[in-house]
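A short worksheet on the structure shown next.
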Amino acid sequence: MSVKEQINQRDQLCQSIREIIVDRLMLDIPADFISNDQPLVGRGLELDSIDSLEISVAVNMEMDVTITDEDSATIFSSVNCLADFIEKARREAADQ
């Protein structure tokens with residue numbers, strides 16, 4: 001796969017994650033308003049543990065990736081962190 005294809009796939013994944021966040025949490029903002037490095041918890045979008053759980057369920061349903069409580073402490077720091085986790089989980093699943 002070329003670098004350009006990898007970049008396009010990553011952009012699509014990040015866009016999907018932003019759309020999941022906006023749709024599942026019924027936020028009144030466009031998905032593009034969320035940057036890939038913006039904190040999701042705390043000062044960023046100010047998501048809480050219930051919001052994180054809702055996103056975890058959506059990621060599991062739509063992307064077939066399971067997020068455990070142990071994982072959620074770090075991966076919800078940004079869209080990029082969540083995308084990194086999803087890409088890693090997909091690679092590990094493909095290697096099995």
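Bear in mind these aren't lab numbers, they're just calculated from the coordinates by the rules spelled out. If you're wondering where the values come from, they're calculated on a predicted model, not measured in any experiment. No Cβ is skipped: glycine too gets one built from the backbone with ideal geometry, and neighbour counts run over all protein chains shown.
Modelled spin labels at Ala93 and Met61, positioned 7 Å past Cα toward Cβ, are 1.6 nm from each other. Residues considered: Leu82, Leu53, Leu40. Largest GNM mean-square fluctuation over the chain, using C-alpha springs under 10 Å, is found at Leu53.
Comparing Leu13, Thr74, Leu45 along the charge dipole axis of the chain, the residue lying farthest to the positive side is Leu13, per the Cβ-charge model.
Taken along the Cα-to-beta-carbon direction at a fixed 7 Å, the label points for Glu19 and Met1 span 1.8 nm. Take the alpha carbon gyration tensor of the stretch 3-95, find the square roots of its eigenvalues, order them as a ≥ b ≥ c, and report rounded if a/c is under 1.5; if not, report prolate when a/b exceeds b/c, else oblate. It comes out oblate by the Cα gyration axes.
With an 8 Å Cα cut-off and a minimum separation of 6 or more residues, compute the relative contact order for the chain in percent.
29
Taking amide H as placed 1.01 Å from N in the peptide plane, the amide H of Leu47 sits under 5 Å from that of Val41, Gly42, each at least 5 places away or on another chain.
Taking only DSSP H segments of four or more residues, each worth -39500 (n - 2.57), what value at 222 nm results for the chain once the sum is divided by all its residues, to the nearest 500 deg cm²/dmol?
-21000 deg cm²/dmol
Tally Lys/Arg at +1 and Asp/Glu at -1 over every other residue whose Cβ is under 10 Å from the Cβ of Ile20; what's the total? Result for the neighbourhood of Ile20: -2.
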